[in-house]
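For reference, the structure discussed in these notes is given below.
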Amino acid sequence: MEYGAETIELDVWLTADQEVVVFHDGDLQRMTGEAGHVQNLPYHQLPLIPYEYDGQITEVAIPRLKDVLEAVPAETPMIIEFKTDSQDLIDRVHAHVTSSGHINHLVWFSLQSKINQRLAFTDPNIPRVTCVPQMLRLICLYHIGLLPFVKIEEEIFGVPIDEVNYARIRDQKALKSLPDWVCKVLAFFFGGKPPKLLIPKKMMMHLRKRGMPVWFLGVNDEADINVALQAGATGLLTDKPKFVSEYIKKRFGKQN
């Protein structure tokens with residue numbers, strides 16, 4: 001937030017002893033250097049994360065969601081992503097954000113359709129971002145001229161701006177059930193960097209006129225920022241908030 005971000009996005013998982021933790025990957029290897037999965041270990045057995053701070057290497061614990069909610073003011077907007085299909089996890093997250101007051105400034109979502117539906121059923125008042133199948137469906141409807149006549153269940157349209165290819169489409173959990181030939185067709189039509197068919201400017205204008213925010217995901221360099229802004233993004237999700245904030249401030253003379 002000090003770097004200029006207007007909201008915080010984080011991923012949640014449930015440990016073996018039912019603690020909700022904030023962690024991007026389910027697998028522990030990349031961040032901790034140790035094998036294992038968050039869901040298979042109790043919280044006190046999770047490895048620490050080596051972290052460089054002020055020129056020195058230290059180790060920090062994987063944070064629990066309730067600790068993060070205590071550290072972040074309740075009025076700070078927050079986005080929570082779910083990557084595992086667990087009603088227990090959803091219920092526990094809902095209880096935490098309700099008791100802490102963050103529920104009033106919360107967006108939650110999953111890129112997987114089934115999980116996104118669970119979220120809507122659990123609390124339809126919390127806004128959601130489109131999952132991958134819904135995103136592709138809406139884009140297809142736009143290209144055949146039917147989008148203006150279709151009700152959109154989610155409140156925010158999310159679209160990835162990083163490279164889309166066959167390997168990435170095939171690796172998407174939300175698309176695992178699709179036949180291989182369908183994934184190849186999707187890669188042919190929606191592939192590229194940026195994937196131009198995924199970000200038609202007139203579609204973004206249509207969604208904004210309907211009052212639907214358009215968020216671009218994975219915006220991490222100047223080219224990404226320029227493409228997103230030219231297409232009409234209303235929000236940018238990035239791993240580099242300081243860089244993005246400074247670039248926009250430099251380009252427009254103010255912080256957006």
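Residues in region 235-255 that are buried (at least 17 other Cβ atoms within 10 Å of the Cβ) and touching a Phe, Trp or Tyr at 6+ places or on another chain (Cβ under 8 Å) were compared, and the one that is farthest from Glu163 (Cα to Cα) is Ser245. Among the residues of region 186-203, is any under 22 Å from Leu10 (Cα atoms) and not basic (Lys, Arg)? Checked region 186-203: no residue is under 22 Å from Leu10 (Cα atoms) and not basic (Lys, Arg). Just one of the numbered conditions (1) under 23 Å from Leu198 (Cβ atoms); (2) crowded, with 19+ Cβ neighbours inside 10 Å; (3) touching a helix residue (DSSP H, G or I) at 6+ places or on another chain (Cβ under 6 Å) is not true of Ile90: (1). For region 4-58, enumerate the residues that are under 19 Å from the mean Cα position of the chain (by Cα) and part of a loop (DSSP other than H, G, I, E, B). Selection gives Gly4, Ala5, Glu6, Thr7, Phe23, His24, Asp25, Gly26.
Cβ-Cβ distances below 7 Å connect no pair with a first residue in region 50-68 that is of a type in the set (Ser, Thr, Tyr) and modelled with pLDDT of 90 or more, a second residue that is surrounded by 10 or more Cβ atoms within 10 Å (Cβ to Cβ) and part of a loop (DSSP other than H, G, I, E, B), and a separation of six or more residues or different chains. None of Arg128, Arg137 is over 14 Å from Gly191 (Cβ atoms), touching a Phe, Trp or Tyr at 6+ places or on another chain (Cβ under 7 Å) and among the charged types (D, E, K, R) except Arg128.
The values are calculated or read from the model by the stated rules, or taken from the named source; none is laboratory data. Quick caveat, the model's predicted, so the values are computed rather than measured. A quick note on method: Cβ atoms are made from the backbone with ideal geometry, for glycine too, and the neighbour counts reach across all protein chains shown.
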